[in-house]
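None of the figures in this text is laboratory data; all of them are computed from the coordinates on show. Not measured: the values here are computed from a predicted model. FYI the Cβ positions are ideal-geometry reconstructions off the backbone, even for glycines, and counts take in every protein chain you see.
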Amino acid sequence: MVRDGYKFVVLPLVLGVIAGAAGWVVACGGLLFLAAFVAYFFRDPKRVAPSDPSVVVSPADGGVMEIVSEECEGCPGQRVSIFLAIWNVHVNRAPMAGKFEAVEYRPGRFYAAMRSRASSENEQNIIRLQTERGRIMFKQIAGWVARRVVCWKVPGDTVALGERIGLIRFGSRMDVWLPNEAEILARRGETVTGGVSVIARWR
């Protein structure tokens, strides 16, 4: 389990034990179930990233819901958006190896993560990553259930392909922007695995 999850597990676990000791069977069962669910939500399975340095991997577990043409700072490219359901692993990973140029937190709204406007209007961390093949950008975006985006890296940090970089709590979305030099391989509706599934390859 990822370290951020322990503080969320402790309270229902302790209250469940107290309720059990007091003979409140239903309350005990409910609280222990809640503790187990939270522990499951914050699970952090090991992943083995591809060895090919030309690929871009999914930064999150979930489903590809949008692939659209989009400019970023005047540069044409494409955006791949991934929806993380409540049952998906919510630890986020680096889509490529590189150096963190910037991590910009933007407060915002909490629209449902599947809505297109969530990409620009919801609370988010915007991460610019300089790679050997060019600059890419990706976003951790909060949804209407997820109310907290967490990035464990700071500008200047280097990351390996598929390395853990942060977490979004309780249902959310991740966007990856790539310049046109990268060929998008992901397809809308596809289920992807963070740090493993190849979503693009540099031409």
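The stretch between Glu121 and Leu185 holds 20.4 nm of extra length on full extension. This uses 0.36 nm per residue minus the Cα-Cα distance. In the elastic network of the chain, a GNM with C-alpha springs shorter than 10 Å, the most mobile of Gly29, Gly143, Gly63 is Gly29. If each of Lys99 and Val196 carries a label point 7 Å out from its Cα toward its Cβ, how far apart are those two points in nm? Using points 7 Å along Cα→Cβ, the separation is 3.2 nm. For the chain, the longest principal axis of the C-alpha atoms and the axis of helix 6-21 are separated by about 20°.
Comparing Phe110, Phe37, Phe83 in a Gaussian network model of the chain (Cα springs below 10 Å), the most mobile by mean-square fluctuation is Phe37. For the chain, find the longest principal axis of its Cα atoms and tell me its angle to the long axis of helix 25-41, 0 to 90°, nearest 10. Helix 25-41 and the main axis of the chain meet at about 20 degrees.
The Cα-based radius of gyration of region 78-191, divided by its Kirkwood radius, gives an Rg/Rh of 0.94. Distance from the alpha carbon centroid of region 38-59 to that of region 61-134 works out to 16 angstrom.
Per-peptide packing, taken as the mean over residues of other Cβ atoms within 10 Å, places 132-142, 189-199 in the sequence 132-142, 189-199 from highest down. Distances between placed amide hydrogens fall under 5 Å for Met65 paired with Ser81, Ile82, Phe83, Gly189, all partners being 5 or more residues away or on another chain.
The simple spin-label model puts a point 7 Å past each Cα toward its Cβ; for Ile18 and Val48 those points are separated by 4.6 nm.
For Val196, nonlocal amide neighbours, meaning residues 5 or more places apart or on other chains whose placed amide H falls under 5 Å from its own, are Ser58. Among Ser51, Ser81, Ser120, determine the one that fluctuates most according to a GNM of the chain built with springs between C-alpha atoms less than 10 Å apart. Among Ser51, Ser81, Ser120, the largest GNM mean-square fluctuation belongs to Ser51.
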